[in-house]
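K.L.:
Got a structure here, written out as structure tokens. Questions coming.
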Amino acid sequence: MSSKGIVLSAKNISKSYNGKQIFKDINLQLYKGKSIAILGASGSGKTTLLHILSTLDSSSTGDLNIHQQPITKKTDKAYIRNQHIGMIFQAYHLIEQLSPLDNILLPIKISRSSTKPKSTFYQRALTLLETLQILHLKDQQTSTLSGGEKQRVAIARALINNPSIVFADEPTGNLDNKNTQLIQGLLFDLCSKYEKNLVIVTHNQTVASFADERYHLVNNTLCNG
Ligand SMILES: Nc1ncnc2c1ncn2[C@@H]1O[C@H](COP(=O)(O)OP(=O)(O)O)[C@@H](O)[C@H]1O
Ligand SMILES: [Mg+2]
């Protein structure tokens with residue numbers, strides 16, 4: 001496939017903290033519309049890698065390109081994230097005192113680049129809440145929601161800006177079986193429906209089996225398969 005089909009490319013990415021190497025020479029290419037799952041033991045560096053790929057953290061060495069744009073020290077990474085990236089954190093990172101609707105609209109409120117009227121995003125938030133089957137909770141205080149409900153709010157927040165790449169860090173890690181199936185279905189369905197790339201870190205083999213490609217972070221490197 002030509003480089004035009006590549007949404008994200010990582011070349012020889014390495015990361016060390018205080019001289020301790022977490023991983024080295026990681027190479028990864030993400031093709032338009034594809035999903036990948038990253039598996040690995042606790043402490044193997046999955047979250048660190050996800051944060052580097054999503055520009056939240058910097059690699060020690062290596063090159064990252066997102067939509068053909070090299071990400072360097074000078075790149076406005078907040079802008080790149082706002083334009084292209086949706087992030088679902090394991091611990092939700094929601095503002096508990098706000099309602100689900102206000103949490104979902106937060107990326108719009110802090111965006112410097114949006115030219116669309118706010119009402120467009122309000123409508124989109126309502127549609128996402130409906131798709132995720134939590135429309136009836138939109139004005140409730142987020143702190144009162146269950147884990148599965150909070151995760152659905154976090155998914156809607158990640159999608160509100162219509163990002164091309166969605167990163168999800170163990171999105172079902174804190175959920176029971178029933179909610180795991182629900183969230184897994186919603187994530188993969190939403191990403192295929194809206195043609196988004198999904199990069200999902202998971203311990204769950206069933207969840208990983210839904211991805212187009214699977215990688216294992218083992219012995220400080222990323223292996224395909
Ligand atoms: N900010 C940091 N400073 C120092 N060490 C860190 C930092 N973040 C993560 N680490 C270390 O990097 C390793 C990988 O962590 P992490 O990426 O969270 O692994 P995983 O998500 O696979 O459980 C761990 O040994 C962790 O202690
Ligand atoms: Mg982690």
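K.L.:
Would you look at the GNM of the chain, springs on alpha carbons closer than 10 Å, and say which of Gln205, Gln29, Gln181 moves the most?
P.N.:
Gln205
K.L.:
Taking the alpha carbon gyration tensor of segment 6-116, what are the square roots of 5 times its eigenvalues, largest first, to the nearest whole Å? Let's see the in-between values first.
P.N.:
On the way: eigenvalues 135, 67, 39 Å².
That gives 26, 18, 14 Å for the three semi-axes.
K.L.:
Shifting gears a bit: Relative to the Cα centre, what is the charge dipole magnitude of the chain, using +1 at the beta carbon of each Lys and Arg, -1 at the beta carbon of each Asp and Glu, and rounding to the nearest 20 debye? Don't jump to the answer; show the numbers that get you there.
P.N.:
Details: 25 positive and 16 negative charges, 132 e Å.
Its charge dipole is roughly 640 debye.
K.L.:
A further question on this structure: If every alpha-carbon in segment 78-133 counts as one equal scatterer, what log10 I(q)/I(0) does Debye give at q = 0.27 1/Å?
P.N.:
So the normalised log intensities work out to -1.37.
K.L.:
Continuing with this model, one more query. So which GluC sites (Glu not before Pro) in segment 128-207 are both in a DSSP loop and have at most 12 other Cβ atoms within 10 Å of their Cβ?
P.N.:
Values: sites: Glu130, Glu149, Glu195; in loops: Glu195.
Those satisfying the criteria are Glu195.
K.L.:
Past 23 Å, Cα to Cα: identify those pairs from Lys32/Lys150; Lys46/Lys77; Lys11/Lys46, in the order given. Numbers along the way, then the final one.
P.N.:
Details: Lys32/Lys150 28 Å; Lys46/Lys77 20 Å; Lys11/Lys46 17 Å.
Listed pairs above 23 Å: Lys32/Lys150.
K.L.:
Further, regarding this structure: Of Ser44, Ser16, Ser119, which has the largest mean-square fluctuation in a 10 Å C-alpha GNM of the chain?
P.N.:
Looking only at Ser44, Ser16, Ser119, the biggest GNM fluctuation is shown by Ser119.
K.L.:
Can you give me the distance in nm between label points at Asp189 and Lys32, each placed 7 Å from the Cα along the Cα-to-Cβ direction?
P.N.:
2.6 nm
K.L.:
Further question: Assigning unit charges at the beta carbon (Lys, Arg +1; Asp, Glu -1) and nothing else, what dipole magnitude in debye, to the nearest 20, does segment 82-154 show about its Cα centre? Write out the running numbers ahead of the final one.
P.N.:
Values: 8 positive and 5 negative charges, 66 e Å.
About 320 debye.
K.L.:
Semi-axes of the chain's equivalent ellipsoid from the Cα gyration tensor, sqrt of 5 times each eigenvalue, largest first, rounded to whole Å?
P.N.:
Details: eigenvalues 157, 83, 53 Å².
Rounded to whole Å, the semi-axes are 28, 20, 16.
K.L.:
Could I ask something else about it? At R0 = 22 Å, how high is the FRET efficiency between Glu96 and Gln133 if r is their beta carbon distance? Nearest 0.05 is fine.
P.N.:
Details: r = 21 Å, r/R0 = 0.95.
Step by step, r from the Cβ atoms, then E = 0.60.
K.L.:
Taking every DSSP beta bridge that has both residues in the chain, what percent is antiparallel when rounded to the nearest 5? It would help to have the intermediate numbers written out before the result.
P.N.:
Details: 19 of 37 bridges.
Given both bridge residues lie in the chain, the antiparallel proportion sits at roughly 50 percent.
K.L.:
Do the sum for the chain: with -39,500 (n - 2.57) for every DSSP H run of n ≥ 4, divided by all residues, what is the mean residue ellipticity at 222 nm, to the nearest 500 deg cm²/dmol?
P.N.:
-10000 deg cm²/dmol
K.L.:
Let me ask something additional. For segment 124-196, take the convex hull of the Cα atoms, compute a quarter of its surface area, and give me that in nm², please.
P.N.:
Hull-based average projected area comes out at 4.7 nm².
K.L.:
Please name which of Ile95, Leu64, Tyr79 has its Cα lying farthest along the dipole of segment 39-98 towards the positive end, using unit charges on Cβ (Lys, Arg +1; Asp, Glu -1) and the Cα centre as origin.
P.N.:
Looking along the dipole axis, the top candidate is Leu64.
The numbers here are math on the coordinates, done by the rules we state, and not lab data. These numbers come from a predicted model, not from an experiment. Ideal geometry is used to build each Cβ from the backbone, glycine not excepted, and the neighbour counts take in all protein chains shown.
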